[in-house]
Amino acid sequence: MQTATRKKFWNDHYRKGSSTSSGRPGTALAQFTAPLTPGTVLELGCAKGDDAIWLARRGWQVTAVDVSSVALDLAAKNARQAGVSENLRFEEHDLAVSFPQGSFDLVTASFLHAPQDWPRAKVLRQAADAVDTGGHLLIVDHGSRAPWSWAPEDTVYPTAEDTLASLELVESTWQRCCVCPISRMTTGPEGQSAIVTDTIIFLRHLN
Ligand SMILES: C[S@@+](CC[C@H](N)C(=O)[O-])C[C@H]1O[C@@H](n2cnc3c(N)ncnc32)[C@H](O)[C@@H]1O
């Protein structure tokens with residue numbers, strides 16, 4: 001699949017939705033990163049910027065990436081409105097093809113899922129490679145299907161352990177801060193609520 005196809009899919013998705021930021025970070029992102037000392041952070045799949053803006057407000061220097069130029073434009077607008085533009089840099093990448101340069105104190109990827117075929121495990125390995133010594137990697141994935149999800153009803157979600165194994169990390173160089181499922185209440189597009197499971201991989205890079 002070509003970058004243009006991926007970009008069109010996500011651009012169409014963001015053109016249909018509301019342009020504003022919810023102003024709320026992901027539950028797991030807030031829970032796991034709040035105790036960290038702010039430094040540099042790379043966010044993969046930043047969408048309209050909710051997590052990136054929250055991190056910037058807390059003093060992180062954020063590099064936020066998405067394949068969708070529509071999402072990135074909305075995120076940049078939302079960041080300006082939030083008054084945190086100077087702490088944020090947005091980069092357009094199809095992560096299947098290119099990856100941001102540099103290393104970071106925190107690399108985060110929340111719900112970096114796509115209905116298209118793409119080399120997700122390779123991208124998550126690159127994410128781990130981009131974490132500085134002493135820094136953290138946070139991957140938050142769907143662990144169950146919300147009733148309104150576009151995923152097929154019989155979708156089998158990998159466990160956190162399965163996803164961690166796919167990263168092929170040298171175990172001795174990472175501290176497992178949390179590799180587990182967590183449950184949360186969430187709200188769907190029409191205001192409906194459901195309890196869903198997220199899988200968390202939160203690691204500290206030792207050396
Ligand atoms: C399901 S959304 C999750 C958005 C956000 N991180 C969140 O927690 O709600 C997945 C995001 O990843 C982006 N994405 C999907 N495939 C990508 C790719 N190949 N390269 C870069 N971004 C991609 C999409 O544009 C979308 O913003």
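Taken together, the values in this text are just the output of simple stated rules run on the coordinates, not laboratory data. The model shown is predicted, which means the values in this text are computed figures rather than measured ones. Glycine gets a Cβ as well: all are built from the backbone with ideal geometry, and neighbour counts include every protein chain shown.
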Point-to-point label distance, Asp132-Val156, nm (Cα→Cβ direction, 7 Å offset): 4.1 nm
Percentage of interatomic Cα-Cα distances in segment 3-69 larger than 20 Å: 33 percent
Principal axis box of segment 66-178, alpha-carbon based, largest edge first, Å: 39, 38, 26
Largest-first principal axis extents of the Cα set of segment 133-198 (Å): 44, 23, 14
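Which of Asp51, Asp162, Asp94 has the fewest other C-beta atoms within 10 Å, and how do the rest follow up to the most?
Placing the least packed residue first, the sequence is Asp162, Asp94, Asp51.
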Karplus-derived HN-Hα couplings along segment 80-94 (A = 6.51, B = -1.76, C = 1.60, θ = phi - 60°), whole Hz, x at Gly and Pro: 4, 5, 7, x, 10, 4, 5, 9, 10, 10, 9, 10, 8, 9, 8
Net charge of neighbours whose Cβ lies under 13 Å from the Cβ of Ser103, counting Lys and Arg as +1 and Asp and Glu as -1: -3
Extension gain from Ser193 to Ala4, taking 0.36 nm per residue of separation minus the Cα-Cα distance: 64.6 nm
Linear extension gain, Arg15 paired with Gln81, 0.36 nm per residue minus alpha-carbon span: 21.8 nm
Simple label model, 7 Å out from Cα along Cβ direction - Arg176 to Gln116, nm: 3.4 nm
Cα centroid separation, segment 1-77 to segment 92-135 (Å): 13 Å
Net +/- balance of residues flanking Gly143 in space, Cβ distance below 13 Å, scoring K and R +1, D and E -1: -2
Exposure proxy order (Cβ contacts within 10 Å, fewest to most) of Ile139, Ile195, Ile200: Ile195, Ile200, Ile139
For the chain: relative contact order, % (alpha-carbon pairs under 8 angstrom, 6 or more apart): 18 percent
Anchor Lys8: aspartates and glutamates whose Cα lies under 14 Å away (excluding residues fewer than 8 positions away in-chain): Asp66, Glu92, Asp94
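Figure the gain on full extension for Arg184 and Val97 (residue separation times 0.36 nm, minus the Cα-Cα span) and round it to one decimal in nm.
Numbers: separation 87, 0.36 × 87 = 31.32 nm, distance 3.30 nm.
Full extension from Arg184 to Val97 adds 28.0 nm.
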Compactness index (Cα Rg / 2.2 N^0.38 Å), the chain: 0.97
Helical mean residue ellipticity (222 nm; -39500 (n - 2.57) per DSSP H run of 4+; nearest 500) of the chain: -8500 deg cm²/dmol
